[in-house]
Structure formats: C-alpha cells, structure tokens
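Structure first, then comments.
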Amino acid sequence: MPRTLPLFLALDQGGHASRALVFDAHGRLVTSAQRQIATLHPGRGRVEHHAAALLASVTQVCKEVARQLGPRCAQIQAAGLATQRSTMVCWDRQTGKALSPVISWQDRRAARRVATLAPHESRIHDITGLVLSPHYGASKLAWCLDKLNPVRQALRQQRLAAGPLASFILANLLAEKPLLADPVNASRTLLWDYRQRDWSEELLELFRIPAWILPRCVPNQHPFGHLRFGTRAIPLTVVTGDQPAAMYVGGQPDAGSIYINLGTGAFIQRLHGKIPSQVPGMLGSVLWQDQDRVLYVLEGTVNGAGSALSWLRKRLAIPEKKMFGHMPIWLTAKSDLPLFLNGISGLGSPYWLSNFRSRFIGPGNAMQKMTAVAESIVFLLCINLERMHGTGKPAWRIVLSGGLARWEGLCQRLADLSGLPVQRPALHEATASGLAWLLSVRNRKPLESMVFTPGTDVQLKRRYRAWLAAMERVMLQTSVSS
C-alpha cells in the first residue's frame, strides 16, 4: 500500500466501546483501536456511563492508532466523529469537567415527566419530526437541572453547558474547546426545530431549559477545531450520529434502499426528501447538512436488539462467548419457538411505550428463548418496514449492517418476512466506514456483499402473524388500563 496516500481518522463512540479507525483514500482500513466502556444501570430505567472514563477511552484509542501509524501520522488529512444520538451530558463550560453522568439514549428516568407533556405531543412532533419520548434529550437535561446539585450550581454561576454527547467530546478533545452541536445530534434533543435548523424557543420554554447553556448549531461538515494526534493537530471536519453515518457504508445512499443497522438497538432508515415525514409512529430525522443542502430520512427504532439479547443472556447466566458462538446454530431452529414481546429499553416505533413489560408467550428452553428474542428483533423491524412501504415508491432492497448482521439466520428471516433481498456488506464497521466516506473517501471500490434472497418460510410467517396479534392484544389492554 502506497505510504503517500492521504489517511482519514474516524472516531466512533458507541454504547459499548470507543473506536478509532484509520482509512486510506480508497476506503481501505489501515489500522484501528478499541476500548470497552462500562454501561451502568443505577436504577430502574436508568442507563449511563462514567463521563471521565468515556472521554479517556476516546483519548486512548487515538493514542493507540497514532502509535501504530508512527511517521504515517503525517498523512492524516482530517478526522470525523460519530456518536450515539440522544445521549446527553452536562459539563462546566470553563473546565470541560462533566457535572452529570453520560445519560444514554436508552435511559428512561424522566418518563413520568414526559407523560405530563402529552397534550403537547402533536406540536412537538410538528416542530421536531420526533415523537414525545423519554429516550430523547430534553427530559434528561431537565432532570439534570432539577436533580443534580453540581448542575444547578453551575447554572447559577453561568458556567453550565449541556447537550449532546458529541458536543461534550468536542469541548474536551479539541484545542479550541468549542461549544458546538451538529444538526443530527441536536435534532435528537427534542429541542431542535427542523425548519429553522436551530433550537426552538417554544420547546426550550416547554421543557424549562435555558437557551444559553446549549451549544451553537452548525452543519455536520464544519471546521470544528483541531484534535491532538501524535505530535500533530489535525482538523476535525465532520460530526454526525452513528446511525446516519452507517447509511453511507456503501457510499451515497439511494432512495430505493432501506438501511438497517443492527447493534445495541436496531435502526431503520430511508431517504425521504427535503422535509421530515409525517408518518404515524415513525420519525422524521436529519441525515446530513452541509453548506448546500439538508437531507432527511424516515426512521424507525427498535430499542431492544443487542440489548435484548444481553438482557436474556444475563438472566439465563449464559457466557457472552457461548452466546455468540452458538447463536448461528440456534437460529437454524424453525419450530417449537415461543414468542417474545420485546420491550427491552422501552418499546420503540411504531408503538412508543416506554414502560412496556417484556414477556414470553409459550414455553421454551434457553436455546429456544434466545432464538425467540432474536426473532422478535426481525418482527419489530418488519412492522416498521410495513409502515414505510406506503410512503413512496416501493423499495427494492434492504442494506443491512452492524454487529448482529453477522448471523445469517437473522438475515434470512428478514429477507423471508420482508419479501426484499437483504444485502450485507462484508465490512461490519458500518458507522466508521460511512464516516470515512463523509470525510472525502470517494474513490473506494464497491464493498463485497452477501445477498439473502427472499424465500418461503411458512412457519416464520405464521409466528409473525401470531406475534402481531399478541402485540395488538397487549397494546389494547395497556390502553384500556391507562
């Protein structure tokens, strides 16, 4: 490989790990480093990370890839950052020190507060393209302002900064210590007006959040500042969310494809014109903004994907290595499976019920239950796909990425139920690869892919219909009881 090609640094801060990956101008991976981060569950519905440890993990992976590159650090042209959307932090704007935990997108601690705002749900959706949910940032920031003494003290002293995780990382890692937010992450706060492409005064007042504590909104492609990398300071020019970045795993997304990324959660996205869509139960989300254009997607969210498998694995005391090793075999099961109504981390689209009680319907051993949980991910994806099908021209394929996409039994189930071919690119690091493309890696060859052709699986379709009926019964009971 020529040692004079430009190189690009992609920083991917995810729910389980921080990664630094270096790509060349042809999109080939040169080197990478990864550090796990701890996920804490300090109470019911609470999911968070230690802020200092998370920052340290990002710094450590940068140092590791710089060490691996040695003199080739001089070839790094630019860096980009992708983070989990809806994950929020409060910090001291003068020192950069965190004043709250990193509150995960999965966190639902403010669900009761959100419920009191139900009369405003339609207006919130009109402004933001999102549904009213405790998964988004506004209620988490309001909770911090109400409950955390260091946050309230910093507010009184006018030292408080608060907002998306990406903004917190920028403020601590870049030499300029900027206070900036990109549209993708800002839009997941439930405070961002997609028409004005800025913070909504109306929603700030509704959630009682002072405007001055929030970062300034700038496009996804912007001179954010300089990152210390080895002995150099390299420009960081792209900031976005993990799921939008993953849509670029194969280059520029096309309107005929539906993109699904399977990780801790599962996220379904499809290009949808110049404004957020107004499809009941679905989200209108920002995909990208630069100086010339803004792109939006129609999006669905399955909160319990990898997190649901981890939940059951821990309950059954199955070692993680065993689960990943045996799941391909377990997924060959075609009969005698229970159904799993999957509300792990809250039930996402199109139902949107944060306190849904997960449950099995029917008996099963450990293997059968693990398979049923995996199958429930496909079922939730398919009901979202059905909502998308009526919104425009029919899609012609599904592009699947993420860690859970390694399981061929899961891919084939998705193809069989959706009736669409499922294309799985060979590269699993979809977020980082897509981020590299956004950083100007435009010359790479098309990724090798495996295609799963739709087949006829009568038993699977029968279980899906039974699952839909069970979900409808439970949702009706929930509606009546509330």
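With a Cα-only, solvent-free Debye model of the stretch 66-160, what are the log10 I(q)/I(0) values at q = 0.18, 0.22, 0.24 Å⁻¹? Results for the stretch 66-160 at q = 0.18, 0.22, 0.24 Å⁻¹ read -0.89, -1.09, -1.18. Coupling constants for the stretch 84-98 follow from the phi torsions by the Karplus curve (6.51 cos²θ - 1.76 cosθ + 1.60, θ = phi - 60°), and in residue order they are 6, 6, 6, 8, 10, 8, 10, 8, 7, 5, 8, 9, x, 5, 5 Hz; glycine and proline get x.
The percentage of C-alpha pairs in the chain whose separation is greater than 32 Å is 38%. Taking label points 7 Å from Cα along the Cα-to-Cβ direction, Asn355 and Arg28 give a separation of 5.6 nm. Two numbers describe the Cα atoms of the stretch 7-242: Rg and Dmax, which are 17.8, 59 Å. Within a straight-line Cα-Cα reach of under 21 Å, Lys140 can be paired with the following lysines, leaving aside sequence neighbours fewer than 8 residues apart in one chain: Lys97. Taking the centroid of alpha carbons for each part, the stretch 46-111 and the stretch 329-361 are 31 Å apart. When Rg and the Kirkwood radius Rh are both evaluated on Cα atoms of the stretch 187-297, their ratio Rg/Rh stands at 1.00. Taking 0.36 nm per residue of separation and subtracting the Cα-Cα distance, full extension of the segment from Asp457 to Gln36 would add 147.7 nm. Couplings for the stretch 45-56, taken from phi via the Karplus curve 6.51 cos²θ - 1.76 cosθ + 1.60 with θ = phi - 60°, read x, 9, 9, 8, 10, 6, 4, 5, 5, 5, 4, 4 Hz in order; Gly and Pro are left as x. Counted by neighbouring Cβ atoms within 10 Å, the residues Glu48, Glu320 run from fewest to most as Glu320, Glu48.
A compact globular protein would have a Cα radius of gyration near 2.2 N^0.38 Å; the ratio found for the stretch 22-119 is 1.43. Anything over 30 Å Cα to Cα? Flag those among Lys314/Lys334; Lys147/Lys177; Lys369/Lys393, in the order listed. Result: Lys369/Lys393 exceed 30 Å. For the stretch 205-244, trypsin sites (Lys or Arg not before Pro) are listed when DSSP marks them as loop and at most 11 other Cβ atoms sit within 10 Å of their Cβ; the list is Arg208. Tell me which trypsin sites (Lys or Arg not before Pro) from the stretch 155-196 have a DSSP coil assignment and no more than 12 other beta carbons within 10 Å of their own. Filter output for the stretch 155-196: Arg195.
Just in the stretch 82-115: which trypsin sites (Lys or Arg not before Pro) are loop by DSSP and have at most 15 other Cβ atoms within 10 Å? Filter output for the stretch 82-115: Lys97.
For the stretch 7-242, calculate the relative contact order in percent as a whole number, restricting contacts to Cα pairs under 8 Å that are 6 or more residues apart. Mind showing how you got there, number by number?
Values: 503 pairs, mean separation 48.5, N = 236.
Relative contact order for the stretch 7-242 comes out at 21 percent.
Projected label points at Gln477 and Asp254, each 7 Å from Cα along the beta carbon direction, are separated by 4.6 nanometres.
Ranked by the mean number of other Cβ atoms within 10 Å of their residues, highest first, the peptides 11-21, 394-404, 461-471, 114-124 come out as 11-21, 394-404, 461-471, 114-124.
No value in this document is a laboratory result; all are computed from the given coordinates. Just so it is clear, the model here is predicted, and its values are computed rather than measured. Positions of Cβ are backbone-derived with ideal geometry, glycine not excepted, and every protein chain shown enters the neighbour counts.
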